[in-house]
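A.B. asks: My questions will all concern the structure given below.
The values are calculated or read from the model by the stated rules, or taken from the named source; none is laboratory data. Every value quoted in this text rests on a predicted model; they were computed, and no experiment measured them. Positions of Cβ are backbone-derived with ideal geometry, glycine not excepted, and every protein chain shown enters the neighbour counts. Note: areas computed on protein heavy atoms with side chains; ligands, DNA, RNA excluded. Shrake-Rupley method; radii C 1.70, N 1.55, O 1.52, S 1.80 Å.
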Amino acid sequence: MSTPDTSTARTDAPGATTSVTVRVPAKVNVQLAVGGLRPDGFHDLANVFLAVGLYDHVTVTPTAPTEGPRVTCSGPDTDRVPLDRSNLALRAVDALALRHGISPDVHVHIDKDIPVAGGMAGGSADAAGALLACDVLWGTRTPREELLDICAGLGSDVPFSLVGGAALGRGRGEVLTPLEVGGTFHWVFAVAEGGLSTPAVYRECDRLRECRGTGAGVGDVPEPEPSPALLAALRAGDASLLAAHLSNDLQSAAVSLLPSLDDTLAAGMAAGALAALVSGSGPTCAFLAEDATAASDVAVALRASGTCRAAHTATGPAPGATVLRAEV
Ligand code: ATP
């Protein structure tokens, strides 16, 4: 790979774009089927993603040539977001710059509403947002397939953050097939105090499988498959049917690590939710509601229950990463 040539940075040109803002959604896994532990340490998944209208906003602006990238963050819990090169948004900037031989001289600002380490793919969303924003800022016009390829290299959930809507993820979750959704679903998300580490939740899932005596390896656990009934519920836009088929193989592991999640799940059900589940690796809890009014009632009850730090309503499916503003 050649050394980045800063003279090719297109932001110096008169009339160049000076700031780009991209909005990017959170996700909930309406089905997360986890296969056995592979020899490479990963698990095969059947992962049915639904993007929901809880958003981070990622704004990129050029910095002085050769200054390199930096990131700032605003919103709740930003003290838990790394502000060095390990931030997934900066890793996305670096990957795109390397692909085009451009020096990654940008300031990335993340205005964060997606819970941090909450099982809603917040970091992945920021990576997809920064990638799209820089592609517009630098005028690099990267083909969609190449952007998706870069996303997959950054993390299993990043390609879905770019495309949004609903999709089935196979492999580690990064091999996507778009899914048809026949209506709007109303959700409530209960944000926990603190986060859970995704690798720790997978390790706990394996440990629980070993304890149950079923084994945790690829030969012990059935191949993860999407549920035909769940896919039919999505296609029909039928909330009651979807509620009956929501599933998350990581839920018992998340609850084992944070037993208070059982109280949160129970509080939402008592308030009239159609169904409750842990979102991805948690600890955010997701509640499916009949309609907007029911969702609002569940959110009010959850806030009053003392079992979560915050409760937000959101609908899905939501669009993937979207350019909101490009200033010249
Ligand atoms: P997923 O659902 O994809 O497993 P998550 O939603 O549980 O992820 P994230 O919010 O993506 O969790 O954060 C996981 C960890 O990633 C954080 O604890 C943090 O250390 C790190 N991280 C890196 N970049 C970011 C970012 N831009 N925003 C939030 N966390 C980030």
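A.B. asks: Quick one: Gly123 ticks every box in (1) open to solvent by less than 10 Å² (accessible area, probe 1.4 Å); (2) of a type outside the set (A, V, I, L, M); (3) within 10 Å of the chain's Cα centre (by Cα) bar one, so which box is it?
C.D. replies: With respect to (1) open to solvent by less than 10 Å² (accessible area, probe 1.4 Å); (2) of a type outside the set (A, V, I, L, M); (3) within 10 Å of the chain's Cα centre (by Cα), Gly123 is out only on (1).
A.B. asks: How many residues are in a helix (DSSP H, G or I) and either modelled with pLDDT under 95 or open to solvent by 10 Å² or more (accessible area, probe 1.4 Å) (or both) if we restrict to the range 245-285?
C.D. replies: Taking the range 245-285 first, the residues in a helix (DSSP H, G or I) are 245, 251-257, 261-270.
Next, from what is left, pick out any that are either modelled with pLDDT under 95 or open to solvent by 10 Å² or more (accessible area, probe 1.4 Å) (or both): 245, 251-252, 255-257, 262-263, 265-267, 269-270.
Residues that pass the stated criteria total 13.
A.B. asks: Moving on to the next point. Considering the range 57-76 alone, what residues qualify as being of a type outside the set (Val, Ile, Thr), more than 9 Å from the ligand (Cβ to nearest atom) and out of contact with any His (no Cβ under 7 Å at 6 or more places or on another chain)?
C.D. replies: Of the residues in the range 57-76, the ones of a type outside the set (Val, Ile, Thr) are 57, 62, 64-65, 67-70, 73-76.
Those left that are additionally more than 9 Å from the ligand (Cβ to nearest atom): 57, 62, 64-65, 67-70, 74-76.
Correct list: His57, Pro62, Ala64, Pro65, Glu67, Gly68, Pro69, Ser74, Gly75, Pro76.
A.B. asks: Then there's this: State whether one or more residues within the range 137-153 are part of a loop (DSSP other than H, G, I, E, B), surrounded by 24 or more Cβ atoms within 10 Å (Cβ to Cβ), within 11 Å of the ligand (Cβ to nearest atom) and not acidic (Asp, Glu).
C.D. replies: If we filter the range 137-153 for residues that are part of a loop (DSSP other than H, G, I, E, B), which is where we start, we get 138-143.
Those left that are additionally surrounded by 24 or more Cβ atoms within 10 Å (Cβ to Cβ): 138.
Filter again for within 11 Å of the ligand (Cβ to nearest atom), leaving none.
Checking the range 137-153: not a single residue is part of a loop (DSSP other than H, G, I, E, B), surrounded by 24 or more Cβ atoms within 10 Å (Cβ to Cβ), within 11 Å of the ligand (Cβ to nearest atom) and not acidic (Asp, Glu).
A.B. asks: Can you find, within the range 211-229, the residue that is nearest to Arg172 (Cα to Cα) among those that are at pLDDT 95 or above and not in a loop (DSSP other than H, G, I, E, B)?
C.D. replies: Pro228
A.B. asks: Going through the range 109-128 one residue at a time, which ones are near the ligand (Cβ under 9 Å from one of its atoms) and either assigned to a helix (DSSP H, G or I) or in contact with an Asp or Glu (Cβ under 8 Å, 6 or more places away or on another chain) (or both)? First the steps, then the outcome.
C.D. replies: Applying the first criterion (near the ligand (Cβ under 9 Å from one of its atoms)) to the range 109-128 yields 110, 112, 114-127.
Matches in the range 109-128: Ile110, Lys112, Ile114, Pro115, Val116, Ala121, Gly122, Gly123, Ser124, Ala125, Asp126, Ala127.
A.B. asks: Scan the range 72-84 and tell me whether some residue there is touching a helix residue (DSSP H, G or I) at 6+ places or on another chain (Cβ under 7 Å) and surrounded by 14 or more Cβ atoms within 10 Å (Cβ to Cβ). Walk me through it before giving the result.
C.D. replies: First pass over the range 72-84, keeping only residues touching a helix residue (DSSP H, G or I) at 6+ places or on another chain (Cβ under 7 Å): none.
Within the range 72-84, not a single residue is touching a helix residue (DSSP H, G or I) at 6+ places or on another chain (Cβ under 7 Å) and surrounded by 14 or more Cβ atoms within 10 Å (Cβ to Cβ).
A.B. asks: Still on this structure, I have one more. Is there any pair with a first residue in the range 131-159 that is farther than 18 Å from Arg172 by Cα and a second that is surrounded by fewer than 21 Cβ atoms within 10 Å (Cβ to Cβ) and modelled with pLDDT under 95 whose Cβ atoms are under 6 Å apart and which are 6 or more apart or on different chains, and what are they?
C.D. replies: These pairs meet every condition: Val136/Ala326; Leu137/Thr17; Trp138/Arg10; Gly139/Arg10.
A.B. asks: For the structure I just gave you, tell me whether Pro39 is within 13 Å of the ligand (Cβ to nearest atom), open to solvent by 50 Å² or more (accessible area, probe 1.4 Å), assigned to a loop (DSSP other than H, G, I, E, B) and farther than 21 Å from Ile150 by Cα. Outline the logic, then answer.
C.D. replies: Working: within 13 Å of the ligand (Cβ to nearest atom): no; open to solvent by 50 Å² or more (accessible area, probe 1.4 Å): yes; assigned to a loop (DSSP other than H, G, I, E, B): yes; farther than 21 Å from Ile150 by Cα: yes.
It is false that Pro39 is within 13 Å of the ligand (Cβ to nearest atom), open to solvent by 50 Å² or more (accessible area, probe 1.4 Å), assigned to a loop (DSSP other than H, G, I, E, B) and farther than 21 Å from Ile150 by Cα.
A.B. asks: Restricted to the range 291-314, and to residues that are touching a helix residue (DSSP H, G or I) at 6+ places or on another chain (Cβ under 6 Å) and of a type outside the set (A, V, I, L, M), which residue is nearest to Ala275 (Cα to Cα)? Spell out the reasoning first.
C.D. replies: Of the range 291-314, the ones touching a helix residue (DSSP H, G or I) at 6+ places or on another chain (Cβ under 6 Å) are 298, 302, 305, 307-308, 311, 313.
Retained after the next criterion (residues that are of a type outside the set (A, V, I, L, M)): 305, 307-308, 313.
On the way: Ser305: 17, Thr307: 17, Cys308: 17, Thr313: 15 Å.
Step by step, filter the range 291-314, then rank; the result is Thr313.
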